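The values are calculated or read from the model by the stated rules, or taken from the named source; none is laboratory data. Here the structure is a predicted model, which is why all the values come from computation and not from measurement. All Cβ positions, glycine included, derive from the backbone under ideal geometry; neighbour counts span all protein chains shown. Note: accessible area is taken over every heavy atom of the protein model, side chains too, but ligands, DNA and RNA are not part of it. Shrake-Rupley method; radii C 1.70, N 1.55, O 1.52, S 1.80 Å.
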Amino acid sequence: MSKGTDLKKRIIPIILIKNYQVVTSRNFTDYRVFGNLEQTIEIFNRRDVDEIIVLDISCSKSNSILDFNILQLMSKNTLMPFSYGGGINSLHDIERCLNLGCDKVSLNNIIRKDKKFLNMAINEFGSQAIVVSIDYVLEDNLPILYDHVSSKKIEDNFDDFLSFIHDQNCGEILLSSVNHNGHLKGYDLSVLKKYRDKIDCPIIINGGCGSPENMINAFEIGSDACGAGSIFYYTKYGYKDIKDTLREKKINVR
């Protein structure tokens, strides 16, 4: 059973941005342009999406300062709450993100570079504003941390890193499977199943969703939210269609 505080399950479109374009990927590579950010946000506005997560991979991979023009555009055009990640390297960056309309920020590489940063961010802005993004690959059915910037595995022990995140009391964890990313064949449920009862904060599972049934499977194991991208771009399932299917299956969805 989920230990998250929100009893209603959530469906969260995840928008990847690269050079101001919305892109999709497979295995965190093979990036393909899907469309324009402004138009994509407008589509989700019309579909009454509850919330979105926007990840600017251009800033992450170039290790550059985050693009505040993107945030200003989103703040101006986005009707739903949104989280933002990409290029965040300081408490000042987080402060500017929140001041420009972000409800939450997603932190990834900066936490591994400076483990004190997560604690400082939570103390400064509150745990509800901080999402920790964890990317991993599976080898011999074991999760190994993955650096999406260098496209390499990380030697840090997965269990130790997850324990560290748990002890810091962050608001949410975005758990993304590199192996399943973009394949539309379902989430990796093995890691969620193994670690769900060891984590108190809400977990957003991500990577591989291709149908409402995939989300149902994740929710039944204990995911608090399902993140997804390609399902909204390349399948017949719309946001309302997915919610209707989940409700028919007695999933208490927001």
Revision key, fill the gap. Exactly one of K236, K250, K185, K193 is in a helix (DSSP H, G or I) and open to solvent by 10 Å² or more (accessible area, probe 1.4 Å), and that one is K193
Study note, to complete from the structure: Exactly one of I130, I122 is β-branched (V, I, T), open to solvent by less than 50 Å² (accessible area, probe 1.4 Å) and more than 14 Å from the chain's Cα centre (by Cα), and that residue is I122
Review point. What pairs come up if the first residue lies in region 124-151 and is part of a helix (DSSP H, G or I), the second is surrounded by fewer than 22 Cβ atoms within 10 Å (Cβ to Cβ) and among the acidic types (D, E), and their beta carbons are under 9 Å apart, counting only those six or more places apart or on different chains?
Key: E124/E95; F125/E95; Q128/D103; A129/D103
Exercise for review: Take region 152-173 and flag every residue that is charged (D, E, K, R), more than 15 Å from V105 (Cα to Cα) and either touching a His at 6+ places or on another chain (Cβ under 7 Å) or not in a loop (DSSP other than H, G, I, E, B) (or both).
Suggested key: K152, K153, D159, D160, D167
Check your understanding: Of all the residues that make up region 35-48, how many are open to solvent by less than 10 Å² (accessible area, probe 1.4 Å) and touching a residue at least 60 places away in the same chain (Cβ under 8 Å)?
Key -> 1
Point to revise | Members of region 67-88 that are open to solvent by 40 Å² or more (accessible area, probe 1.4 Å) and within 18 Å of the chain's Cα centre (by Cα) | key: P81
Revision key, fill the gap. Only one of (1) buried (at least 21 other Cβ atoms within 10 Å of the Cβ); (2) closer than 25 Å to F125 by Cβ; (3) not small (G, A, S) does not apply to H180, and that is (2)
Exercise for review: Select from region 133-149 the residues that are farther than 14 Å from G171 by Cα and either buried (at least 18 other Cβ atoms within 10 Å of the Cβ) or within 19 Å of the chain's Cα centre (by Cα) (or both) and list them in ascending order.
Suggested key: D135, Y136, V137, L138, P143, I144, L145, Y146, D147, H148, V149
Check your understanding: Residues of region 158-167 being closer than 18 Å to K113 by Cβ and either touching a strand residue (DSSP E or B) at 6+ places or on another chain (Cβ under 8 Å) or of a type in the set (S, T, Y) (or both), which ones?
Key -> F158, F161, L162, I165
Check your understanding: Which members of region 205-233 meet the condition of being open to solvent by less than 20 Å² (accessible area, probe 1.4 Å), more than 26 Å from E42 (Cβ to Cβ) and assigned to a helix (DSSP H, G or I)?
Key -> I216, A218, F219
